[in-house]
Every structure is written in structure tokens, then in C-alpha cells.
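First comes the structure, then the notes that go with it.
The values are calculated or read from the model by the stated rules, or taken from the named source; none is laboratory data. Computed from a predicted model, the values in this text were never measured in an experiment. Backbone-built Cβ (ideal geometry, glycine too); neighbour counts: all protein chains shown. The area values use the complete protein model at the heavy-atom level, side chains included, leaving out ligands, DNA and RNA. Shrake-Rupley method; radii C 1.70, N 1.55, O 1.52, S 1.80 Å.
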Amino acid sequence: MYNSKPHQEHDLARLQRHMLDTRLAVLVSHGEQGLLATHLPVLLDPAEGEFGTVYAHLARANRQWQDLAQGAEALLVFPGADAYVSPGYYPSKADNPRVVPTWNYLAVHAYGVADVIHDAEPLLAIVSRLTDRHEHGRSEPWQVSDAPADYIDGMLRAIVGIRLPIQRLQGARKLSQNRAEQDIAGVRESLSASPDHLDNQLAAHMRLL
């Protein structure tokens, strides 16, 4: 992805934390069927491989897995907080009106070649781990084993698993770092005061600069 130097994030722990916090990623690939994308929940094992390994599953009816099985490189997009930045947020505008709107955001892109999984046992492990992750914290968490075994067996036949060892990572952390300190503070304070909770999320990240 295009990412200017002030906004590049290279810290592996921070990149992995972003991926772990992302509930829904976008899997993008290009193969014989053209450019395909699927929105899907994923699991990151940060200790497996140099940059970590991602696990997920696709519907068997989703033809994207066929291109992945042929060795097509895949891109996983992990979106994060984002916010519109008005020129009015910059105190420096009073002295220099040569400013325009922009957008602040966080994102991580992970690249690799995926293994496609058909066997029931590892598929069940992926589905169970995903379920446990998102049921965690509920007063009565649902487990895959709560459903009838024959029903789960049928559901597993309708999906394929994905194991994607990450070969390279790109991180964007665009938080007005290219502006003067007073302008960074102006953006942070304006987003903090916004009635939009998404603006507030971005402001919280700016406090960690």
C-alpha cells in the first residue's frame, strides 16, 4: 500500500496487536478468476513464523479458495480507527491558510501464500478457536460442542480452512505526524470533543504518540 515515511509502522508487537484487535479482516487475492475479496473473521497466532500465522475459513461455495490453492499471493487487510481531519482543527491555519482536509487512519496489510485445509479435524480446531474467541466474556458462552455432532460434521463439509503464514507486513499509522505539535494537539482535541465515537477512537490512538 502507499504509505509515506512519517506514517509507516514497523514495530512488530504493535502491528500484531492491531491484527489481534481486528474482528473482521478482508482477504484479497488475484488468480485465474480475477480479483476476489472476502470479509471474514480471522485468528492470528503471533508466535508461529517470523511475523505470525493467520487462520480462517471460507465457504466451500466461495471460489476464492480455489485460487489460493493454486498458490496465488493473498493480502489480508486489517482496518482500524479512522477520522476525517478538517483544516479547522489546525491552529496554524490562522497564520497560514494553505491547508486542505485529510484523513487519519490505522491499517495493517499482511501478505502471504495460503495453505487450504480440507480435513475435518484441523477445520474443527479453527472453528472452535474462532468461536471461543468471540464467545469469551459472555455469561454463558456457546461452544461448538453444544451443537449436535452430525450437524457440525455437515457444516464442516461446507467450508475450507485457510492457514496463511505472513511473509511481509505493512503498517500505516497516519496520525498527523507530519504536522507541527500544535496542529497535532488541535486535531487530537477536536476529535476527542467530537460526538462521533469513531473520531474519539482515533483521538485515543493519537494520545499514544
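Residues whose amide H lies under 5 Å from that of PHE51, counting only those 5 or more places away or on a different chain, are ILE166; hydrogens are built 1.01 Å from N in the peptide plane.
Once both axes come from the Cα atoms, what is the angle between helix 181-193 and the longest principal axis of the chain, in degrees from 0 to 90, rounded to 10? On a 0 to 90 degree scale, this one is about 60. One decimal place: the segment LEU20-ALA37 gains 4.1 nm when fully extended, by the rule 0.36 nm per residue minus the C-alpha distance. Projecting label points 7 angstrom from Cα along Cα→Cβ for GLU48 and GLU189 puts them 4.8 nm apart.
Charged neighbours of ASN104, selected by a Cβ distance under 15 Å, balance to -1 (K, R count +1; D, E count -1). Measuring nothing but protein heavy atoms, the accessible surface of segment 1-46 at 1.4 Å probe radius is 55 percent carbon and sulfur.
What separates the Cα centres of segment 165-197 and segment 42-115 is a distance of 15 Å. The residues of the chain expose on average 56 square angstrom of accessible surface per residue, using a 1.4 Å probe on protein heavy atoms. Between ARG133 and LEU12, what FRET efficiency comes out of the Förster formula 1/(1 + (r/R0)^6) with R0 = 25 Å and r the beta carbon distance, rounded to 0.05? Step by step, r from the Cβ atoms, then E = 0.75.
How large is the dipole of the chain about the Cα centre if only Lys and Arg carry +1 and Asp and Glu carry -1, each at its Cβ, rounded to the nearest 20 debye?
Details: 19 positive and 25 negative charges, 147 e Å.
I would put it at about 700 debye.
Equivalent ellipsoid of segment 114-209: semi-axes from √(5λ) of the C-alpha gyration tensor, largest first, are 43, 20, 9 Å.
Each 10 Å bin from zero up to the one holding the largest Cα-Cα distance in segment 1-49 carries the following percent of pairs: 20, 38, 37, 5. Counted by Cβ distance under 11 Å from LEU164, the other residues give a net charge of -3, where Lys and Arg count +1 and Asp and Glu count -1. Taking amide H atoms as placed 1.01 Å from N in the peptide plane, the amide H of ALA114 lies under 5 Å from those of ALA74, each 5 or more residues away in sequence or on another chain. Within the chain, the longest run free of GluC sites (Glu not before Pro) that sit in a DSSP loop with at most 11 other Cβ atoms within 10 Å is 51-209.
When the solvent-accessible area of segment 92-191 is split by element, carbon and sulfur atoms take up 50 percent of it, the probe being 1.4 Å. In a fully extended conformation the segment linking ALA94 and HIS30 would gain 18.3 nm over its present Cα-Cα distance, using 0.36 nm per residue.
Summarising the overall dimensions of the chain from its C-alpha atoms, the Rg and Dmax are 20.5, 71 angstrom.
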